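Quick notes on the structure that follows.
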Amino acid sequence: MEVKSTTTDGVTILTPTGRVDTSTAKAFESAVMDAINANKKIAIGFNEIDYISSAGLRVVLMAGKKLQASGGVLVLINMPDKIFTVFKMSGFDKILKICPSFEESKPFFN
Amino acid sequence: MLISLKNDVNEIARLCDEVKKFCEENGVSDEKYHDIVLILDEIVTNVINYAYPDGGTHTFTLDLRKEGDDRISMKLSDDGIPFDPLARDNPDTESSLEERQIGGLGIFIVKQLSEVVEYSRTDDKNHLSVTVSVLNNNNQQKQ
C-alpha cells in the first residue's frame, strides 16, 4: 500500500492504494497523522483501494475524532459502492462526511 | 481450495492473491470478491492476533469452496486457545463521533456481509465457518 498526497485549494487529499488492512494500517495511520499535523483540512479518497478492513476503519475514525476536536475538517471522497457499503454498515456514514467527489466536498472546507 | 496460513500479518497479502485466483476460477464477480476477501481478512487477522498468545510460529488452515451455483463457504480451523469471535457484543453504530469505539467492528462486518457464521470448538481446535451468497442479481435480471 502507498498513500498519495496532493494539496488542492488548501485541502490535503490523501489517496491510499491497494489494501488497507492489518499489515498496512500502521503506514496508513502514519500518513494520515502526518497530514493532520500539517493541515486541518483533509480529504481521503477511496477509489484506488481493493478494500478497507476494520484496521483501516479504525484509522479513519481516529482521524475524524482528532480533526473534530481540533476544529478541522475531514471529508471522505471518491468511494466506490462496495466500499461505501462497508462504511454504511459500520454506521460511519452518520458520523463522518462522505462526498462523491472532491468537487462536491468543497463547501465543507469553506 | 485448501490454504495453509501462518500467524503472521504478512500472510494477508498471499491470502488475497489465493482468494483472487479462486474467485476468477469460479466466476465470482468483483463485488463479491471484495466481500469475500474482506471477510477473510477480518477472520484470519483475528486468528493471527488472538489465537496464539504464546507467540512462536503456528500454522492454521482455510478451506475455501464453492457450494452449488450460488454459495461460497469458508472454513477456518486453528489449534490456538479457545476463542469465539461471535461472543463479542456488536458495536454501537448509533453513537456519536466522540463516543464511537472501534472494538468488535471486524466481526460485525463479517456478520453483515455473510449469510451464515458459525463457531465451534472441537478436537482442541477453533472452527469458524462463514457462508456467503454469490448470486449476481444484475445478471439474473438481464437473463
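Bear in mind that the values in this text are calculations on the coordinates, not laboratory data. The structure presented is a predicted model; accordingly, all values stated were derived computationally and were not measured. Note that each Cβ is placed from the backbone with ideal geometry, even for glycine, and that neighbours are counted across all protein chains shown.
Annotations
- Karplus-based coupling profile of region A:32-42, in residue order and whole Hz: 5, 5, 4, 5, 5, 5, 9, 8, 9, 10, 10, with θ = phi - 60° in 6.51 cos²θ - 1.76 cosθ + 1.60 and x standing for Gly or Pro.
- 3J(HN,Hα) along region A:2-12: 10, 10, 7, 9, 9, 10, 10, 6, x, 10, 7 Hz, from the Karplus curve 6.51 cos²θ - 1.76 cosθ + 1.60 with θ = phi - 60°, whole Hz, x for Gly and Pro.
- Residue order for A:Thr17, A:Thr12, fewest other beta carbons within 10 angstrom first, comes to A:Thr17, A:Thr12.
- Close amide-amide hydrogen proximity is noted between A:Arg19 and A:Asp50, each under 5 Å apart and 5 or more residues distant or on a separate chain (H modeled in the peptide plane; Pro and chain starts excluded).
- Rg/Rg_ref, chain A, where Rg_ref = 2.2 N^0.38 Å and atoms are Cα: 0.95
- Among the lysines of region A:2-104, pairs at least eight places apart or on separate chains and with Cα atoms under 16 Å apart come to 12.
- Cα pair distances of chain B binned at 5 Å [whole percent]: 2, 9, 19, 21, 19, 14, 9, 5, 2, 0, 0
- Pairs of Lys residues in chain B, spaced 8 or more positions apart or belonging to different chains, with C-alpha separations under 15 angstrom: 9 in total.
- Size estimate for region A:23-65 follows the Kirkwood approach: the inverse of mean 1/r over distinct Cα pairs works out to 10.9 Å.
- Chain A: relative contact order as a whole-number percent, Cα under 8 Å and 6+ apart: 24
- Using the Cβ of B:Ser73 as centre and a radius below 9 Å, the other residues enclosed give a net charge of +2, where K and R count +1 and D and E count -1.
- Vicinal HN-Hα couplings computed from phi for region B:49-60 (Karplus, 6.51 cos²θ - 1.76 cosθ + 1.60; Hz; Gly/Pro x): 7, 10, 6, 10, x, 6, x, x, 9, 10, 10, 9
- Here A:Glu103, B:Glu24, B:Glu11, A:Glu48 are placed in order of increasing Cβ neighbour count within 10 Å, fewest first, which gives A:Glu103, B:Glu24, A:Glu48, B:Glu11.
- Here the sum of -39500 (n - 2.57) over DSSP H runs of 4 or more residues, divided by the residues of the protein assembly as shown, equals -12000 deg cm²/dmol at 222 nm, to the nearest 500.
- Which of B:Leu86, B:Leu64 has the fewest Cβ neighbours within 10 Å, and the rest in rising order: B:Leu86, B:Leu64
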